[in-house]
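Chemist: Here it is, the structure in full.
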Amino acid sequence: MSTTTAKDAWTRYRSVPIVYRIGAAFVLGSIVGLIVGEPATLLQPLGDLFVRLLSMIIVPIIVFTLLMGVRQLSPATLGKIGGQVVALYAITSAIAVGIGLAVANLIDPGSGLTLTESEFETQEAPNAVEVFLRIVPENPVGAMAEGNILPIIFFVIVFGIALVLIRDTTEDESLRRGAEGIFRAVETSAEAMFKIVWGVMEYGVIGVFALMAATLAQTGAETLVSFGVLVVALAIAVTIHIGVVYLGGLIALLARQSPAAFLAGSRDAMITALSIRSSSGTLPVTMSNADENLRIEEGVYSFSLPLGATINMDGTAMYQGVAAIFAVNLVGGSLTIVEQFTVVAIAVLASIGAAGVPGTGLIMLTLVLTQLGLPLEVVGFVAGIDPILDRLRTMTNITGDLAVATVVGKWNGAVDFADGIWVGEETPTATSADD
Ligand code: ASP
């Protein structure tokens, strides 16, 4: 191939929106994993590299965009927006568990399967007081080093408010200019982070191919088939939740916007979540989609999205409903209405404070099963299929975060609905983002 043809091919390749290239990698990687089997697990490090690259940007992107957000808003407005965000998070999570239970009651996953013995360690339920106390970091640098999102949010908001106070109320002119200078430097740094996100997404094509090939090589076709009904039940519940609650309820009804535009604006984040199974890891992409595609202001998304990545997990909460019915079917029992409500309560509460990392949903399942007096072996039993189920949960989790940010943005006049994706413009591609 001559250099010009190679260059042409590269330019053509890069002009395809990144989400399609990653989508193709997702499908091809899955097929290769299933066909090649065991040897495909050797690709895992290439996938891990993608996850590490994304993780690298999480803390800086939260810090920089959150400071920009605090710069825009008064503490009172921040409080009001926070209240709306948390209320919508709680309501949508409860609905999600309800949908999960209803779908699983209809489809009956688990009937026909028998429980095989397996080992699984139980986890302690998080203590509510501890969860709240841990929001305040003993050491902000430590929180950042460990990537603990809630304490980071707390510290950055406090620091941002202090900077705003210095900028707006201090007599000393040079201090005032200094505070504004910090904000300007932060603005440029946030832009730089978004540039890095696009660069990382370019590598994501290889990373996602590798992740999917390695996962399906490990899971294997047999597990996929025997747990097929469970996967289908969760897939249906997730589709109903995204379609009815997010697109119909939040976007069309409350925000009065086009669901298609919302999906087009959120698709990079959705496919990344589907690929890496971590809401926190996806955060840089979720934030970039909120900023560049959905045109939400930093004042809303900069803290609602990191908060959502840890406390708003509709897919995870919904899975508890589906898995509880699955577990009951395995042992041949049934759940009373009161027990089903118990599932809703535990699932919503347990998802608060749980980290948005791969496999959290499975750990939460131990709490639900213990509460219902069901055998904990179920957790070990479904662990083999969890890498597939986790993808659906995580995608739902981050879509919910973006939908809530859109609605709260609308309520507070913090979304530019007259621009970009909302008026039918294409999403930026990696090539245009280079400009
Ligand atoms: N992996 C999910 C997330 O990061 C949590 C889960 O396991 O359900 O959002």
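Chemist: From the list GLY420, GLY380, which residue is open to solvent by less than 30 Å² (accessible area, probe 1.4 Å) and touching a Lys or Arg at 6+ places or on another chain (Cβ under 8 Å)? Step through it out loud before you land on a result.
Modeler: Details: GLY380 fails: touching a Lys or Arg at 6+ places or on another chain (Cβ under 8 Å).
Exactly one residue qualifies, and that residue is GLY420.
Chemist: Based on what the data block shows, is ALA405 of a type in the set (Gly, Ala, Ser), more than 12 Å from the ligand (Cβ to nearest atom) and open to solvent by less than 30 Å² (accessible area, probe 1.4 Å)?
Modeler: Values: of a type in the set (Gly, Ala, Ser): yes; more than 12 Å from the ligand (Cβ to nearest atom): yes; open to solvent by less than 30 Å² (accessible area, probe 1.4 Å): yes.
Yes.
Chemist: Same structure again: Tell me, please, whether a residue that is open to solvent by 30 Å² or more (accessible area, probe 1.4 Å), outside any helix (DSSP H, G or I) and within 30 Å of ARG21 (Cα to Cα) can be found in the range 163-173. Full working, then the answer.
Modeler: If we filter the range 163-173 for residues that are open to solvent by 30 Å² or more (accessible area, probe 1.4 Å), which is where we start, we get 165-173.
Narrowing the set further to residues that are outside any helix (DSSP H, G or I) leaves 170-172.
From what's left, within 30 Å of ARG21 (Cα to Cα): none.
No.
Chemist: Now, a different point. Which residue pairs have Cβ atoms closer than 7 Å, lie 6 or more positions apart in sequence or on different chains, and pair a first residue in the range 132-143 that is of a type in the set (Val, Ile, Thr) with a second residue that is surrounded by 11 or more Cβ atoms within 10 Å (Cβ to Cβ)?
Modeler: ILE135/LEU150; ILE135/PRO151; ILE135/PHE154; VAL136/PRO151; VAL136/PHE154
Chemist: Then there's this: Working carefully through the options LEU372, LEU367, LEU362, LEU389, find the one that is away from the ligand (no atom under 16 Å from the Cβ) and touching a residue at least 24 places away in the same chain (Cβ under 8 Å). Talk me through it step by step, then tell me what you get.
Modeler: Values: LEU367 fails: away from the ligand (no atom under 16 Å from the Cβ); LEU362 fails: away from the ligand (no atom under 16 Å from the Cβ); LEU389 fails: away from the ligand (no atom under 16 Å from the Cβ).
Step by step, each of LEU372, LEU367, LEU362, LEU389 is checked, and only LEU372 is away from the ligand (no atom under 16 Å from the Cβ) and touching a residue at least 24 places away in the same chain (Cβ under 8 Å).
Chemist: Quick one: THR360 ticks every box in (1) β-branched (Val, Ile, Thr); (2) closer than 21 Å to MET270 by Cα; (3) at pLDDT below 85 except a single one, so which number is it?
Modeler: Going through the list (1) β-branched (Val, Ile, Thr); (2) closer than 21 Å to MET270 by Cα; (3) at pLDDT below 85, THR360 breaks only (3).
Chemist: Hey, does the range 283-296 have a residue that's open to solvent by 10 Å² or more (accessible area, probe 1.4 Å), hydroxyl-bearing (Ser, Thr, Tyr) and either over 21 Å from PRO60 (Cα atoms) or at pLDDT 95 or above (or both)?
Modeler: Restricting attention to the range 283-296, the residues satisfying the condition of being open to solvent by 10 Å² or more (accessible area, probe 1.4 Å) are 291-292, 295.
Next cut, hydroxyl-bearing (Ser, Thr, Tyr) only: none.
There is no residue in the range 283-296 that is open to solvent by 10 Å² or more (accessible area, probe 1.4 Å), hydroxyl-bearing (Ser, Thr, Tyr) and either over 21 Å from PRO60 (Cα atoms) or at pLDDT 95 or above (or both).
Chemist: Quick one: what pairs do we get from the range 1-16, first residue touching a residue at least 40 places away in the same chain (Cβ under 8 Å), second assigned to a helix (DSSP H, G or I), C-beta under 7 Å, 6+ apart or different chains?
Modeler: Within 7 Å, the pairs are ARG14/ALA430; ARG14/THR431; SER15/THR431.
Chemist: Exactly one of (1) open to solvent by less than 30 Å² (accessible area, probe 1.4 Å); (2) hydrophobic (A, V, I, L, M, F, W, C); (3) out of contact with any Phe, Trp or Tyr (no Cβ under 9 Å at 6 or more places or on another chain) is unmet by LEU389. Its number?
Modeler: Every listed condition holds for LEU389 apart from (3).
Chemist: Can you spot a residue in the range 345-356 that is of a type in the set (A, V, I, L, M, F, W, C), within 13 Å of the ligand (Cβ to nearest atom), in contact (Cβ under 8 Å) with a residue 60 or more places away in the chain and surrounded by 24 or more Cβ atoms within 10 Å (Cβ to Cβ)? Can you show your working first?
Modeler: Within the range 345-356, the subset of a type in the set (A, V, I, L, M, F, W, C) is 345-350, 352, 354-355.
Filter once more, so that each one left must be within 13 Å of the ligand (Cβ to nearest atom): 347, 350, 352, 354-355.
Now drop any that are not in contact (Cβ under 8 Å) with a residue 60 or more places away in the chain, which leaves 347, 350, 352, 354-355.
When the remaining residues are screened for being surrounded by 24 or more Cβ atoms within 10 Å (Cβ to Cβ), the result is 347, 350.
Yes, there is a match, as at least one residue in the range 345-356 is of a type in the set (A, V, I, L, M, F, W, C), within 13 Å of the ligand (Cβ to nearest atom), in contact (Cβ under 8 Å) with a residue 60 or more places away in the chain and surrounded by 24 or more Cβ atoms within 10 Å (Cβ to Cβ).
The values are calculated or read from the model by the stated rules, or taken from the named source; none is laboratory data. Owing to the predicted nature of the structure, the values given are computational and were not obtained by experimental measurement. Positions of Cβ are generated from backbone atoms using ideal geometry, with glycine treated the same way; all protein chains shown enter the neighbour counts. These accessible areas exclude ligands, DNA and RNA; they are computed on the full protein's heavy atoms, side chains included. Shrake-Rupley method; radii C 1.70, N 1.55, O 1.52, S 1.80 Å.
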